[in-house]
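Worksheet: the structure to be examined is printed underneath.
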Amino acid sequence: MPGTRSHAEMLNLLDYGKPNPFGATIGRPRNLSWPVSTYRVTLPRPSEDGESLNPFEHVILKLLDASGAMEAQALADETCIPIDLVESILMRLQDKALIDESKAIIEQERNTGGSDVEKTPVFVTALLFRELVTGKILPFMHWLDDANPLQKKQGKEGQFRMIRWNNAHKSNPPTQRDVISILRVMHRRSAAFGREEPTLSVQKVMIVEQPEMHYLDCPIAIQKSDGEFRIADPFGTGFSLILEGAFEHLLEQDEKLCEWLEQWKVSLSNPRAKNLEAKPKEPFDTDINWGHYPKLISSLRLQSNAAFHSIAQVYASVEWALFYACRRRPFEDAITRLRFTPQAEHSALLADASNDVGLTLPHFGFRPIREGKLLDFQNGKAELETLLSIAILQAQSDASHPLHRIAVLHPTLISHLLRIKKTRDEKGHGKGSVDAPEVELSDAPFMRELVHTLLPEILFSDIPVSTPDSDAHADSLLDGRTSIQSEFGFKTFNRLGTNLKERLIHAERFFLFCKDGDDALAFVRDLYAALQSVFEMSLASKLPPDINDAQLVESAGSRAICAGFCNELPEGLRTVKASAVRQTLQGAGQSLGACVLAFLLMSDADTLDSISGSQPSFVDDVTDVITRRGHGNEPLPLPKAEIARLRKESYKTIKTLIEV
């Protein structure tokens, strides 16, 4: 970026007013002085009253002028223009009072030359602007005339951040195609903003190849909504995506500009965001309930940086409510029935019980409950399908079971819960946006009703006990984005997808404000989803190996051992189903563990050796996150130091995957 400007007290800029498209911002906008090469172009401009004729209208009008009145069909035959288009043209010519109802030219128009056929186009001069960071032409054309001259203003240089230019773009005149393209963009933009812009028929464009150097005043602000910068269009039409993209490009190359942006964000940081007041307690948050239902209460508690329950919390709360509801009643008979009924008959067994309770069957029936899942329940694990099966069998033989009351109000309960599970699984495995809703989810009231019906002592307030603090939320977003951009650098951060960026920012917000003993489950879920997303991006360009399913996990383990990652594949990876690995190899990522095994199978030896050399703990680091997350519904209180270690390992893994 060799171009610089000599320092002076005052800065000359083009004056297009003070654009301010920003909504809620953190602090005040600042101003960039953006270098542009300005090119003069001369081109025909139609009359501004919209009365100029298009080429089809010219043809029809000339034919009527030469031959006299003609019917639409005759005109269509003569010109080979479709009849419906000819009829539309004739109606437009009548509206313009150029022809009468008999399709004859009105004599007054013929005599006064009002037919517009022979009008000589008026040539005007306009200015085009090429920004000098990436060399793109800005979608704006300044029509020069006595009423609209090029106006300039002065500003103190210290009030503007000077943008450095690239000399390669300084003398690069636009082509006729560029001019026409900008005219079309302006026409579409005018229509979008409800302004009529006459359609321009460009017959000849003349371009002065020698540019003039100018600076544009471009306001930049940090949004409250996401803590990210936006740059106003200097000509007053919303935001400039071209300048925002160029600014991101410049951040990857200009360390001083990075420092300027980071220092600005740090100066906007509000210390109160780091000392968020504890949220008022909900009625369910009592010592008695903590003693009886600790994992449910933990799931119901809002995270410190959240105003609403995430879909993962909604789902986990339902699971734990079902778990405690099952455990407070005799469950041995239900487990015995499942254990001694052949698994092939589980679906029929549960269908009969569901009908007795009044619940609608799920579309694809019930899946068999394996012995291991029954043992998990007895050992204190909560998984929806196992819990539903036990609860339905309990309710079949117990008329007082709350599931009967739920079935009356929500007969499609099972399908509803499976839909919530599907959404939760997608977000938990890196699909879609971050699981941090900014408004209450539609499933949250349903969850509260279900939990209270299953466990009446779990009470909720009728109105929210706290309201979202938009300023604190904005401060937290700003701090999270600033920290994560500093961690990865702008160049690497800009290569990440939008959803991945938002997950990392959400994780970083927790890390910045967490304390020893805080529940880190949501943090680990974010790391898990982010890692799976990056692994899937890494796998996208690789070809699957020719290995049968029975050998997939073993082969991946052998490759990990050969590369020096481990002496034995960690248990968190050994237990991944071969079917999940196969689907991941085929492009449908199933879990983070399946992605790790697929990566080991699809990467060549040189790649694995390179990763092992720079991050020998690569496999163990990812497995650590997998193990910590588990099923995704167990509270995870951790010391701050342990949270920092998980963060460091995960971020290093993401950087490694991006760089290989």
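The values are calculated or read from the model by the stated rules, or taken from the named source; none is laboratory data. Keep in mind that what you see is a predicted model, and the values were worked out from it rather than measured. Because the Cβ atoms are built from the backbone with ideal geometry, glycine has one as well, and the counts that use them run over all protein chains shown.
For the range 450-466, the count of residues that are over 30 Å from ALA407 (Cβ atoms), surrounded by fewer than 21 Cβ atoms within 10 Å (Cβ to Cβ) and within 22 Å of the chain's Cα centre (by Cα) is zero.
Collect the residues in the range 467-487 that are β-branched (Val, Ile, Thr) and either surrounded by 22 or more Cβ atoms within 10 Å (Cβ to Cβ) or part of a helix (DSSP H, G or I) (or both), keeping them in residue-number order.
So in the range 467-487, the residues β-branched (Val, Ile, Thr) come out as 467, 482, 484.
Hits for the range 467-487 are THR482, ILE484.
For every residue, the table says whether it meets (1) surrounded by 13 or more Cβ atoms within 10 Å (Cβ to Cβ); (2) over 37 Å from the mean Cα position of the chain (by Cα); (3) under 24 Å from ILE420 (Cα atoms).
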| site | (1), (2), (3) |
| --- | --- |
| ARG337 | yes, yes, no |
| PHE340 | no, yes, no |
| PHE366 | yes, no, yes |
| ILE390 | yes, yes, yes |
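Look at ASP352 and say whether it is over 23 Å from ALA316 (Cβ atoms), touching a residue at least 60 places away in the same chain (Cβ under 8 Å) and either assigned by the TED database to the domain that holds ASP443 or outside any helix (DSSP H, G or I) (or both). Spelling it out, it is not the case that ASP352 is over 23 Å from ALA316 (Cβ atoms), touching a residue at least 60 places away in the same chain (Cβ under 8 Å) and either assigned by the TED database to the domain that holds ASP443 or outside any helix (DSSP H, G or I) (or both).
So that you can scan it fast, the table gives a plain yes or no per residue for (1) of a type in the set (Phe, Trp, Tyr); (2) at pLDDT 80 or above; (3) assigned by the TED database to the domain that holds TYR215:
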| site | (1), (2), (3) |
| --- | --- |
| THR4 | no, no, no |
| LYS18 | no, yes, yes |
| ARG40 | no, yes, yes |
| VAL59 | no, yes, no |
| GLU71 | no, yes, no |
| GLU78 | no, yes, no |
| VAL86 | no, yes, no |
| ILE89 | no, yes, no |
| THR112 | no, no, no |
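Within the range 535-579, restricting attention to residues that are touching a Phe, Trp or Tyr at 6+ places or on another chain (Cβ under 9 Å) and closer than 19 Å to LYS431 by Cα, the residue that is surrounded by the fewest Cβ atoms within 10 Å (Cβ to Cβ) is SER538.
Of the residues in the range 379-413, how many are under 12 Å from ALA334 (Cα atoms) and assigned to a helix (DSSP H, G or I)? Before the answer, list the steps.
As a first pass, look at the range 379-413 and keep what is under 12 Å from ALA334 (Cα atoms): 386-398.
Narrowing further to those that are assigned to a helix (DSSP H, G or I): 386-396.
So the answer is 11.
Among the listed residues PHE446, PHE490, which satisfies the condition of being out of contact with any strand residue (DSSP E or B) (no Cβ under 7 Å at 6 or more places or on another chain), buried (at least 17 other Cβ atoms within 10 Å of the Cβ) and in the same structural domain as GLN313 (by the TED database)?
Details: PHE490 fails: in the same structural domain as GLN313 (by the TED database).
Answer to the check: PHE446.
Taken over the range 133-183, the residue count meeting the criterion of being surrounded by 13 or more Cβ atoms within 10 Å (Cβ to Cβ), of a type outside the set (Ser, Thr, Tyr) and farther than 30 Å from ARG28 by Cα is 12. Residues that are over 20 Å from ASP526 (Cβ atoms) and hydroxyl-bearing (Ser, Thr, Tyr) within the range 410-455 comprise THR412, SER415, SER442, THR453, listed in sequence order. Screening the candidates GLY572, GLY564, GLY587, GLY593 for the property of being within 34 Å of the chain's Cα centre (by Cα) and in a loop (DSSP other than H, G, I, E, B) yields one hit, GLY587.
Can you tell me which residue among ARG628, ARG582, ARG647 is farther than 30 Å from LEU512 by Cα, buried (at least 18 other Cβ atoms within 10 Å of the Cβ) and modelled with pLDDT of 90 or more? So that I can check it myself, show each step before the final result.
Numbers: ARG628 fails: farther than 30 Å from LEU512 by Cα; ARG647 fails: farther than 30 Å from LEU512 by Cα.
None of the others qualify; the one that does is ARG582.
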